[in-house]
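The values are calculated or read from the model by the stated rules, or taken from the named source; none is laboratory data. Everything numeric in this text was worked out from a predicted model, so none of it was measured. Neighbour counts are summed over all protein chains in view; Cβ atoms, including those assigned to glycine, are modelled from backbone coordinates with ideal geometry. All accessible areas refer to the heavy atoms of the entire protein, side chains included, with ligands and DNA or RNA removed. Shrake-Rupley method; radii C 1.70, N 1.55, O 1.52, S 1.80 Å.
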Amino acid sequence: MPTTHDWHLTGDLGEFLSRAADFLRSRPAQHTVHLTVTESLRARGGRVYGDAAPEFGVLEGPDGVRATFFRTPPHPLAVTSLTGEEAETLADALADAGRSLPGVNADHDTAAAFAAAWERRTGAKSAVHQRMRLYRLGELTAPGPVPPGRARVAGAADRDRLARWYGEFCAAVGESAARDPLEWADDRIERGDMMFWEEPGGTPVAMAGMSPKVAGQVRVVGVYTPAELRGRGYAGAVTTEVSRSALASGADEVLLFTDLANPTSNALYQRIGYRPVSDFTLHTFTG
């Protein structure tokens, strides 16, 4: 049985990756969030997601790394798959280290196990905040009919619109913005990884982007259509083109998350060719 001493806690990204990189790359789909967030921290600095220093941990045993976690305060803990016993030892290790947590995000069973362990150890109350499904692209199929217009990469002239839509997207999915909207827009423009669908007159009507390629996987992110423009096929059109661009970049796997409370988006992505991989749950803690 693992003990709390099996968990190695660190605030050093380089040390974390030296221990955990091979493990994370061994299952790039299941570990997509860990891979993309740590790559962003490596490339853009430790304060990219908030003012506080990020936190990391690795669970090691006789056969090597078994699990990892990271946290970019003020955001919830993100954990790879754990057994019930491992969830208990992680709760103990974090509580012993004096950490406070706003929540946990992990695959369904792991999130439930850790939330229960954290309640027992700290007396906090947990509640399910969001259920998500991870999809992997199979055969890309454009949903028909394709609306009039075209896809294009967002550029410098689109900075204000990107920033505004990023804020609206976060509000629509019930999340606080992880980045300053203008900084987020600047990064996307610099990388050239955000696309608009624009109507024939040249006005953008939807957006979608993709994460940097890490361990052969790319994740489609930030799919958004303003409320007054929904139901016209714009989201499907721009997601299809971003997915096509991800494949053209050489990605082995193209992934995306959906909110299970939104049946429209789940049905749309399956029509495009995305197939379920696994379910994830975000629990929030109070008290």
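Any idea what the alpha-carbon Rg over 2.2 N^0.38 Å comes to for segment 147-198?
Working: Rg = 11.4 Å, N = 52, 2.2 N^0.38 = 9.9 Å.
That works out to 1.15 for segment 147-198.
Per residue, how much accessible surface does segment 91-218 expose to a 1.4 Å probe? Answer in Å², no decimals.
46 Å²
Averaging sequence separations of C-alpha pairs under 8 Å and six or more residues apart, then dividing by the length of segment 1-82, give the relative contact order as a whole percent.
Relative contact order of segment 1-82: 31 percent.
Carbon and sulfur together cover what percent of the accessible area of the chain at a 1.4 Å probe radius? Numbers along the way, then the final one.
Values: 6340 of 12860 Å².
The computed percentage sits at 49.
Just report the Cα centroid separation between segment 95-145 and segment 1-72, whole Å.
Value for the Cα centre distance between the two parts: 16 Å.
What percent does the relative contact order of segment 164-287 come to when contacts are Cα pairs within less than 8 Å and at least six residues apart?
Relative contact order here is 18 percent.
Would you compute, for the Cα atoms of segment 1-140, the largest minus smallest coordinate along each principal axis and list the three values in descending order, in whole Å?
44, 36, 33
Only Cα pairs within less than 10 Å get springs; with that Gaussian network setup on the chain, which residue of Ser245, Ser176, Ser40 has the largest fluctuation?
It is Ser176.
What is the sum of charges around Gly149, taking Lys and Arg as +1, Asp and Glu as -1, for the other residues whose C-beta is under 12 Å from the C-beta of Gly149?
With Lys, Arg at +1 and Asp, Glu at -1, the neighbours total 0.
As a check on your grasp of the helix formula, calculate [θ] at 222 nm for the chain: sum -39500 (n - 2.57) over DSSP H runs of n ≥ 4, divide by the residue count, round to the nearest 500.
That comes out to -11500 deg cm²/dmol.
When all alpha-carbon pairs of segment 97-138 are counted, what percent fall beyond 15 Å? The partial results should precede the final answer.
Numbers: 395 of 861 pairs.
More than 15 Å apart: 46 percent of the Cα pairs in segment 97-138.
Mind telling me which of Gly201, Gly45, Gly231 comes out most flexible in a GNM of the chain, alpha-carbon contacts under 10 Å?
Maximum among the listed residues: Gly201.
Report relative contact order for the chain in percent, whole number only (criteria: Cα-Cα under 8 Å, sequence separation at least 6).
Value for the chain: 23 percent.
Quick check: Cα centre of segment 156-217 to Cα centre of segment 222-244, how many Å?
First find each Cα centre; the distance between them is then 12 Å.
Let me see the pair-distance distribution of segment 182-258: every alpha carbon pair, 5 Å bin width, integer percents in order.
Taking all Cα pairs of segment 182-258, the binned fractions are 3, 17, 25, 24, 19, 9, 3, 0 percent.
Would you grab the residues whose amide H sits under 5 Å from the one on Arg150? Only those 5+ places off in sequence or on another chain, please, with H modelled 1.01 Å from N.
For Arg150, the qualifying residues are Glu198.
Dividing the Cα radius of gyration by the Kirkwood radius, what Rg/Rh value follows for the chain?
0.98
If I build a Gaussian network model for the chain, linking alpha-carbon pairs within less than 10 angstrom, which residue out of Ala97, Ala237, Ala20 has the largest mean-square fluctuation?
Checking each option, the largest mean-square fluctuation is seen for Ala97.
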